[in-house]
Structures are given as structure tokens and as C-alpha cells.
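A short write-up of the structure that comes next.
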Amino acid sequence: MLSKRLVVCLDVRGGKLAKSIKFVDTKDIGDPIAKARQYYEDGVDELVFYDITASRENRDIMINFVEEVARQIFIPFSVGGGIRSVEDATRLRNAGAEKVNVNTAAVKRKELISEIARAIGSQSTILSMDIRKVDPTQEMPSGYEIVVNGGVTPTGIDGLWWAKTGEELGAGELVINSIDADGTKDGYELNLTRMIADSVGIPVIASGGAGKPEHLYDVLTEGHADAALVASIVHYDEYTCRTLKEYLHNRGIKIRLNY
Amino acid sequence: MITIIDYNAGNIKSVQRACAEVGVQAIVTSDPTTVAKAEKIIFPGVGAAPSAMEYLKKTGLDVALVKAFEGGIPILGICLGAQIILDSSEEGNQKCLGLVAGKTVRFRIRDKLLKIPHMGWNEVKAVQPHPLLDGIQPGDEFYFVHSYYPQPADKKDVYAVSSHGGDFCAALGSRNLFAMQFHPEKSGPLGLQILERFARWNGTLTG
């Protein structure tokens, strides 16, 4: 049986680790590669690097960054932020990223998902979604809306519809990021996560809201997620990956502890 | 010195980097004459069996690999490299290298909650001792990404199993060849240890 996964997300800005609160007011908190290595040694199952500047000029910096990460850590990691083409995805993959995350560019042109999946495989194509709660309407019957550009621009697209569409187009995994919960430390958006996890046949990574170990337990059980993504609770040394995983293990979650 | 075979099947640089991490020198080549002179071979690969076999035949790497195997050179297969060493694969009904008797088959799973590809961390259980699995403990997990798995004809060639809707072969071996369906280069310290052991392995069951 596959284990549940602990995923740590590192927001990267010009090669520096950044932490955002509700997507604004980012501050630098250290060297992302040193942090990544620390989490690797502490047993994280997967890492996500998000390039929050994501400009074209930064693309080469990001490729070099990915190559350096690949020399330092020997578990799967993915890269996201500003991936707009098959070429972007292929270059990052060749630099050593196991998977790539697409978000805004896929909302603007959904064929990008199938193009990337054909080029590097569905198993390496992750669709990340930033989602906020809205009042259900005819256009958005699930009561959740996709927002883009780092969570600031509403799209009028229904969150559940987009998740299912992403799967049909070839995404091999979904990151469900609740921008309402992001940065609050009050727990993941369980209803949203479960609704999507129950509607697709691909793994779901829950994101946004982790503040204590119970939140991870809740989203991996009640929320039906395959993986729980955390950021600030490990970046500021409140918890280590090891303590989070031991907590989950002690509550009966199958998770990797030997390393 | 380890020779890593590059046959246009996925990113093999990750295997070279993992070797470097544990202080093992490795070169990457797609040249059959270099493979013919190799002291030790890693045969990695991600992708589909038909295109991989086509490339191996076109370059003559298929012949070089068979000769290396017959010559007693220690060989480590990884992922696709653990599949196309069998007689054939269900993927495109492809005839393969035939270094080990058996067939590569696709997961057939009734349980809708179990997904294909089988992707993520899963426990690998040794079913018989092998120098490359020396020290593997209950609960040790490794990283998998695959939809097909190797099924040796003779159970004595199966060295480890994992489970995804039932047990499947996670590692197989025959003489100087050992192969694993999971990715040691992406399985953290436990995976790197396997590469380290391979660097020391003399190609026999006792050492």
C-alpha cells in the first residue's frame, strides 16, 4: 500500500526562500537549498519549489537553481511558477525536477496541460489550483472559484469543474490550495479537499492552512487527501518533518519513517 | 567506475548525481563499444518499452548489454531497465532482451481507490537474501513510478516484493544481474545505500 506523503513547499524569490502570508507581503527567510537539504535529511517525502517572481528573465536562474537542488536531494521534487510552455516544462524536468506544476498559464490556455503531459508524461504533470470559497451560482455550482496570478485574480471558473477537466487533459496529480486557509494556520479546507479528492482518480495534495499536526491528520483522513503540503510550520522550526511524521504514524497513518 | 547506459529513456542524470553523492564515479554513455569495456553497468530508464527497444537495437546497445551479461559484468537495472531485461513486455506486446525468463505485465486492479500509475513511497520486502538488499529492514520504503512491473517466470529470480492491490515483484536478479522496479536514486538515504552496495558488488550471490 502506498504511504501518505508529507510535502514541504518552498517559495523561492531570486534564489532566496520566501514565505507569503495570504499571497502578499512576502519576506525572505533564508537559503532554500540549505533548507531543502535539511528537510530531505529529516525525512520529507517530496518538495515543491515555487518561483514566486516567475519572470522570463528569471528562467535561467531557476534552471541553475533546479540543477543545484538535484545535486543535493535524492527524493522527488517539483517546480512551479510561471511555466507557460512545453519548453519551460521540459527544461525544468531535464534539469532534475521529477515533476512540474502548472497553474495560471493552464487556466489561460488549458491545452497546455495535455501538451506537457504528452512531452514529459502525466506522472510528471501537476495541476496546481488556487481556490476560494464563493456563494454557489449557476456558473460556479460547487461554491468554489479558481483564482490566478498568485491568488489575486478571480476567474469565474468553477473549482470542481477545473479539477475534473485537469484530470481529463492529462494532469497526473492535483495541488488544491485554499487561499482562504492559506497563512491562517487554522487547518486545511477539508470540505474542498474531500470534494475534489472524491471526484477525481488522481492523487490530491492538500495545501493551505497547516498550523499543527492535527491539521495534517484531518486532511489525510477526513479530507481524503493523498499528501499534505506544509510550509511555515516547518520553515520557522515550530515542527520538524520527523515530529509531524511520527505524530501521523502514531495516529495510524501509513507514512515513511525509515530513512 | 560505473557505466550508466543512456538510451534516450528519461533523465538518467539523476542516477549519475546519486552515484556522486555516495562517492561513486560514473560515466554516462550511449556508445556500445564503451559499454563493451565497462566494469559495471547501470541500466536505468523511464518510458515505454517499444521505443526503448527500438533505440537499443538501432544503436547496438542491445547486443552490448547481452554480451556484458554473459561476460559476468555486474549490471543494475532500474525501472524500465528492470522490465525490458525480461523476454517480453505487455506494453505494445514488445519482444525484449531476454536476460531473465519472464514477462513485464500491466497492473490489473479492481479496487477503484488504487491508482495507476503506482506512484509514491511503498514498502519493499526482501523475500530472499541478496548482497544488494543486505540490511534492508521491515518498513523500509522506496519511491515508485510505474504502470507495468516485471514478472519473472521462475520465482527464484524474485528477490523483493511490494504491494499494490496484491504483491508484485519489486526486485529481481539472475547471476550478475540485479534489477529493481523502484528508483534508488530518488529513494533518499536507503536508495543511495543500494547504489553504494552495487559499487562494491562483485556480481555473485555471496559478495
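The values are calculated or read from the model by the stated rules, or taken from the named source; none is laboratory data. Just so we're clear, the structure is a prediction, and the values are computed from it rather than from any experiment. Virtual Cβ from ideal backbone geometry, glycine too; neighbours counted across all protein chains shown. Side chains are part of the model used for accessible areas, which takes the heavy atoms of the whole protein and leaves out ligands, DNA and RNA. Shrake-Rupley method; radii C 1.70, N 1.55, O 1.52, S 1.80 Å.
Things worth noting here:
- Screening the range B:73-160 for strands (runs of 3 or more DSSP E) wholly inside it with 2 or more residues that are touching a Leu at 6+ places or on another chain (Cβ under 9 Å) and of a type in the set (A, V, I, L, M) returns the ranges B:75-78.
- Cross-chain or 6+ apart pairs with Cβ under 7 Å, the range A:163-187 first and at negative phi, then among the acidic types (Asp, Glu) and buried (at least 19 other Cβ atoms within 10 Å of the Cβ): A:Asn177/A:Asp130; A:Ser178/A:Glu189; A:Ile179/A:Asp130; A:Asp180/A:Glu189; A:Ala181/A:Glu189
- When each of A:Gly172, A:Gly208 is tested for being touching a Ser or Thr at 6+ places or on another chain (Cβ under 6 Å), within 14 Å of chain B (Cβ to nearest Cβ) and either more than 22 Å from B:His118 (Cβ to Cβ) or open to solvent by less than 20 Å² (accessible area, probe 1.4 Å) (or both), the lone residue that passes is A:Gly172.
- Residue check, B:Tyr143 within 12 Å of another protein chain (Cβ to nearest Cβ), touching a residue at least 24 places away in the same chain (Cβ under 8 Å) and touching a helix residue (DSSP H, G or I) at 6+ places or on another chain (Cβ under 6 Å): yes
- Helices (runs of 4 or more DSSP H) fully within the range A:65-150 counting 3 or more residues that are open to solvent by 20 Å² or more (accessible area, probe 1.4 Å) and closer than 19 Å to B:Ser14 by Cβ: A:86-94
- Any hit, the range B:103-125, residues being more than 14 Å from every other protein chain (Cβ to nearest Cβ) and of a type in the set (Gly, Ala, Ser): no
- Among the residues of the range A:151-168, the ones that are open to solvent by 40 Å² or more (accessible area, probe 1.4 Å) and either within 14 Å of chain B (Cβ to nearest Cβ) or outside any strand (DSSP E or B) (or both) come to 5 in all.
- Residue within the range B:40-60 that is open to solvent by less than 30 Å² (accessible area, probe 1.4 Å) and among the basic types (Lys, Arg) present: yes
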